[in-house]
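Quick note: the coordinates plus some simple rules give every number you see, no bench work behind them. Keep in mind the model is a prediction, meaning the values are calculated, not measured. Here Cβ is always computed from backbone atoms with ideal geometry, including for glycine, and neighbour counts include all displayed protein chains.
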Amino acid sequence: MAAICGETISVDELWREILLRAPTKDVARSCCVSTQWRGIVRDPAFRKLHHDRHAVPSKDDVPDALLVVTVDIDGQSVSTVVPAMVSPVWTSQRAPMYRVIKNGISYSLANVCNGFLCFASWSRAKVVVWYSEPSPLGLMGILYSSGKRQQ
Amino acid sequence: MATGSGAAAAAADAEEKESGSRMITLTSNEGKAFVVTEASARQSATIRSMVDDGGCVDKGFPLPNVDSKTLARVIQYCDEHGNKEAHTVDERAALAKFDKDFIAELDADKAFLYDVTMAANYLHIQGLFALTTQCIADTIKGKTPEEIRTAFGIEYDLTAQDEEEIKEEDTHA
């Protein structure tokens, strides 16, 4: 009869497995529990594994990476800053989906609808419609059109 | 050709049925024998590989690291996951409910939960191991280090140097 003598996990390894499943905030606190826990969570290999396991994009996460998109409109550069979904929450406040950091002289965000963003200018006839959608790589955007503005 | 493949499929089917109905004996470290279906036993990757390697299925498997109480509970999980189908939404929901009730019951007895976790690891029952370790991880959630020490009976053994480092980390954060 072949007895199953598989190697048993050590207490250290067991806690490691458990802490890998705990949220980041709790893992951070765990370094103050005991020297054993401190050793586990301070191990760079553990940190990497924990990060890989928990850094999963989810609809509740606030992205902390930004994708800067610059669009040339009538010779002016309009930049939009788009949060890219690659990392978990770093702030409890929900960041705006879009932030126009530099919009040349006159273009500004005129309307938002179902992910479409409309940039318009009071002094120019052209409007710019920008559409974005989340993808595993971040928010990918498509510049839709520069059409005539209805007065 | 068609009849040939049909016969082969029927033979494979019969073989599958046979292996599905094969019974396997698992023996706890107290010598108590538990007879389970092969499908149930196959939840354990350790047993699965031994069966597939043509191991001694008829003689059974003694488990010197698992006591009867723990083994009975582990088998309860394996029976549910091994013997039942999980193809439809309803079947999956029923399994999810089983898992929820199963872990809720274990959660009430932390020492036993620990034993089951160790057994799940020893027998390489991935689903059960993930379930129990996640349950323990959830216990940690939102607790202060002091509360964690109390919950798991951990002794405070940080040195003055550790405390100094923690203070420093805190000021940086």
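Some notes on this structure:
- Put simply, when B:112-122, A:27-37 are sorted by average Cβ atoms within 10 angstrom per residue, most first, you get B:112-122, A:27-37.
- Charge tally in the Cβ shell below 12 Å around B:VAL66, where Lys, Arg are +1 and Asp, Glu are -1, B:VAL66 excluded: 0
- Mean per-residue shielding of peptide B:140-149 is 5, counting Cβ atoms of other chains within 10 Å of each Cβ.
- Taking the Cα centre of chain B as reference, the dipole from Cβ charges on Lys and Arg (+1) and Asp and Glu (-1) amounts to some 900 debye.
- Alpha-carbon Debye profile of segment B:31-86, log10 I(q)/I(0) at 0.14, 0.26, 0.30 Å⁻¹: -0.36, -1.19, -1.39
- Hypothetical label at A:PHE46: residues of segment A:18-33 whose amide nitrogen lies under 12 Å (7 Å Cα-Cβ projection): A:18-22, A:27-33
- Local electrostatic count at B:LEU131 - Lys and Arg +1, Asp and Glu -1, tallied over other residues with Cβ under 10 Å: 0
- Here B:GLN76 and B:ASP138 are evaluated by their C-beta separation; at R0 = 30 Å the FRET efficiency comes out at 0.90.
- Other residues lying with their Cβ under 15 Å from the Cβ of B:TYR156 contribute a combined charge of -2, Lys and Arg counting +1, Asp and Glu -1.
- Pairwise FRET efficiency - A:ASP12 versus B:PHE98, Cβ, R0 = 30 Å, nearest 0.05: 0.45
- Helix-only [θ]222 nm of chain B, DSSP H runs n ≥ 4, -39500 (n - 2.57) each, per residue, nearest 500: -21000 deg cm²/dmol
- Chain B: radius of gyration and largest Cα-Cα distance (Dmax), Å: 22.0, 79
- Shielding of A:33-44 by partner chains, average beta-carbon count, 10 Å: 4
- FRET efficiency estimate (nearest 0.05) - Cβ-Cβ, B:VAL89 to B:ALA33, R0 30 angstrom: 0.20
- Kirkwood analysis of the Cα pair distances in segment A:11-54 returns a hydrodynamic radius of 10.1 Å.
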